[in-house]
Each structure stands twice: as structure tokens, then as C-alpha cells.
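First comes the structure, then the notes that go with it.
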Amino acid sequence: MTERHDLGPAVPRHVCRGPLCIHLDGFAKALFEQGYARATVTTKVIFLCELSRWLERRSLAIQNLHERRVEFLNCQKKKGRRGYGDNATVRQFLDFLRNEGIVPALISKTEVSPVQRIETLFAQYLSQERGLSPITVADYLSICHGFLTQRFSGGKLLLRALRPDDISGFVLQALRAAASRNGANLVTGLRSFLRFLYQGGYIKTNLASVVPTVSRRRFTQLPKFLQPEEVERLLRSCDQSTAIGKRNYAILLLLARLGLRAGEIVHLALDDIRWDAGEIVVRGKSIREEQLPMVHDVGEALAVYLRHSRPRCSSRRVFIRMVAPRQGFYGSAAVCDVVRRALSRAGLNPSFKGASLLRHSLATNMLRGGASLAEIGEILRHQQPDTTGIYAKVDLAALRSVAQPWPGEAS
């Protein structure tokens, strides 16, 4: 049961006057439901009481309140009030009022720039014609935005003026600034954008062919992985007597037992868990939906977390932040952080500490247990068989058995 809250004695009713007062109870309740502490809610409501009196003195209705009205905030700062978090409180309060239909949605009068227009069309192309997932679309849009910003910074968007040197210069500069593992994704996204420009008639030459090829080193090194006993040690590091421990244990099990990607865990929804069928629906890099069997310990961990530890909130995401605002994770970095902290608690220090460490460990240990590459590819949901080929290198004993002796070496 959700605990019932009200403003309490910290905000006496006679203190609050003006057009905002009748909405503060509902706003406070919404903040409590998002997991904010009572002291934080009280601080926000006291500030809004001051804002309400300010509006009353100027005979301003609630409809006159918007993000751009900063006179009150500036006035408060001049009086010596710190003002930390005031802007965020105004934004939260306006979002609440708009969701309740009390004030109309803010209509932006800012004109759409040529860069924004071409990015919008590119996003539609990726999702509607290419069928890419929202995660990939956002990734490619980031690459597109970086390229256009660098090439046409401060000037007009003259796409027909693009030259091969612009392409190679951007790639080289981006690769110097970014991690090398992102290089292949960078050139793939840039090629996709340039093909879109050519097919749409924005450029006369298909410049996708001049994007430099980035060396893909995934087949030059052994995949990083943990031994089975290390994986179990990692799982045991979660304190399942706490709410966050139950949540993190379920996350680590999905990584270790089913080989899910970090982004797939972030976007996993309550409706994706089909308890009657004993399966989990996974939405990967594309728009395809795939079903994975819900093994016993994964299902048990999910049930414990959902029944006893998942915060009450309106989000349909499975995994929710334990601190306010109560909502799903912002991105894959949150899942990687869960893995890194678990590795630290378990006293493990592999050279790679991302979420895919457990995915690689699952595949490697499956291979050593006798699974075929085709079976591993099916579990990991690889679209190309070559992607699974990297794991062939970890079975060193099998490789030694087929290796030919060096010429001249004694047999």
C-alpha cells in the first residue's frame, strides 16, 4: 500500500495564497509517488507558495506562468535566496499542470532550423524505411548531428557542397576523440546518412562509398569473459536483503543466464514478461521481437523483485531507479554501472568491465560445455553467423588439435 501524505504542518494553510495554492496538494502527492523525500517535497511546495504570492501581487493568473517567466526567480536571488533547484521545481510543476489539463501545453515559437529538418527526415527514413530500433536511430542521429554541426557550423546548410575531404576529415577527427571500439559504428551511421542524402536527391553523388573503412579488431583478440565460478561469485555479491540488491541481482541474472544486452534490459517492459508462457520478449537492435525462455532462477529473481522491491510508479519499465524521480533507467550506462559495482564487491578486476562481459562469458562457457556456434548464435540472437565466429577462438584446446606444426619443427 502506498503511504498517504499531505503537506503537513511544515506549510501552514494561512501561508499559501494566490492562484497556485489549490494545486499544491496534488503536486505534492505526485512528487511523493515519484519517490521524493518529505523534506524535498516540503522545500518545493514552500517555494511554490512564494511564487503563488508573487503572482497574486501582480494580479497574474496561473495561465501566465511559464518557463520563460524568470522575473520572480531573479528577484529571489537578488534578495539572497539561494534558488538552488527553483528552475527545476517550476518545470516539474508546469509539467504537472499540463498533464492535469490545467494549463495548455507550451507551444514553441522557435523556427525549425534546416539541420533539425534534415535530421527529422533522416530519423523517419531510419525507422520507417530501414526498420531500425529507436536505440539505433538515436545513435545514428547523434552521428548525423555531429557531422552537420562540424561541416556547416555558423553557415548555411549547403549539402550539395559536400566533398570527400569533408567526410574523411570528420571521421579522422571523430576517431581521435572517441573510443576505438565506436569507430565501426561511426562509419556505419555516417554511410547510412550519406545514402539517405543521395536517395533523397540532396546530393548528386553517393558519398557513402568514400567513407573510410575502420579496422574492426574483434577477431584479433580473445573476447573478455569470466569463468563460471567467477560469474557465480559476482551474483553472490548482491545483498538480496535490500531492495536495490534484489533489483541488481535480477539484472545480473538476465545478463549472465540469457545474454541480454544492456539496452535490452533498460527497455524491458512489464508486458514483455509472459509468465504463463514462461518466456521473455526481447527487443534488440532492430524492430524484431524475439522470445527467450525464462529459466527458473531468472524467473524467481524477477518475481521477488517485482513483488517486494520495485517502487510504485506509473512507468511500465521493469527496472526502476530507486531514487526520485521513480522512472526507468536513462540509458545503458546504468546497467554497466551495476556490473562494475558488482565486480568491485566480488573482488574481480577484468580488463573489460561493461555489461557485455557477462554476455561474452555466457557464450564462452557454452562453447566450452559443448554447445555449437549455431546454438550460441541463437541464444545471443546474432543475425549474422560470422558474428558468433569470435567465440571459436576461446576453445584453445580444440584449436591446438587442428593446428599444423611449423615447417621444420620436430613432430
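Annotations
- Each residue of region 150-166 is assigned a 3J(HN,Hα), and the resulting list reads 5, 6, 10, 4, x, x, 6, 8, 9, 5, 5, 8, 5, 10, x, 5, 5 Hz, derived from the Karplus form 6.51 cos²θ - 1.76 cosθ + 1.60 (θ = phi - 60°), x at Gly and Pro.
- Extended-chain gain in nm, criterion 0.36 nm per residue less alpha-carbon gap, K156 and D337: 61.0 nm
- Fraction in percent of alpha-carbon pairs per bin - 5 Å, region 114-210: 2, 13, 26, 27, 20, 10, 2
- Radius of gyration over Kirkwood radius for region 233-289, both on Cα atoms: the Rg/Rh ratio is 1.01.
- Environment charge at Y198 (Cβ cut-off 12 Å; Lys +1, Arg +1, Asp -1, Glu -1): +4
- Residue-normalised convex hull volume from the C-alpha trace of region 228-398: 125 Å³ per residue.
- Highest average packing first - 191-197, 146-152, Cβ atoms within 10 Å: 191-197, 146-152
- Length gained on full extension, E279 to D297: 5.2 nm, using 0.36 nm per residue less the C-alpha separation.
- Across region 245-259, computed HN-Hα scalar couplings (Karplus, 6.51 cos²θ - 1.76 cosθ + 1.60, θ = phi - 60°) run x, 5, 5, 5, 5, 5, 4, 5, 5, 4, 5, 7, 8, 10, x Hz from first to last residue, x flagging Gly and Pro.
- Backbone N atoms of region 145-160 closer than 14 Å to the 7 Å Cα→Cβ label point of S113 belong to residues 145-158.
Read-outs: derived from the displayed coordinates by stated rules, not from any lab. Predicted model only: the values in this text are computed from it and were never measured. As a convention, Cβ positions derive from the backbone with ideal geometry for all residues, glycine included, and neighbour counts pool all protein chains shown.
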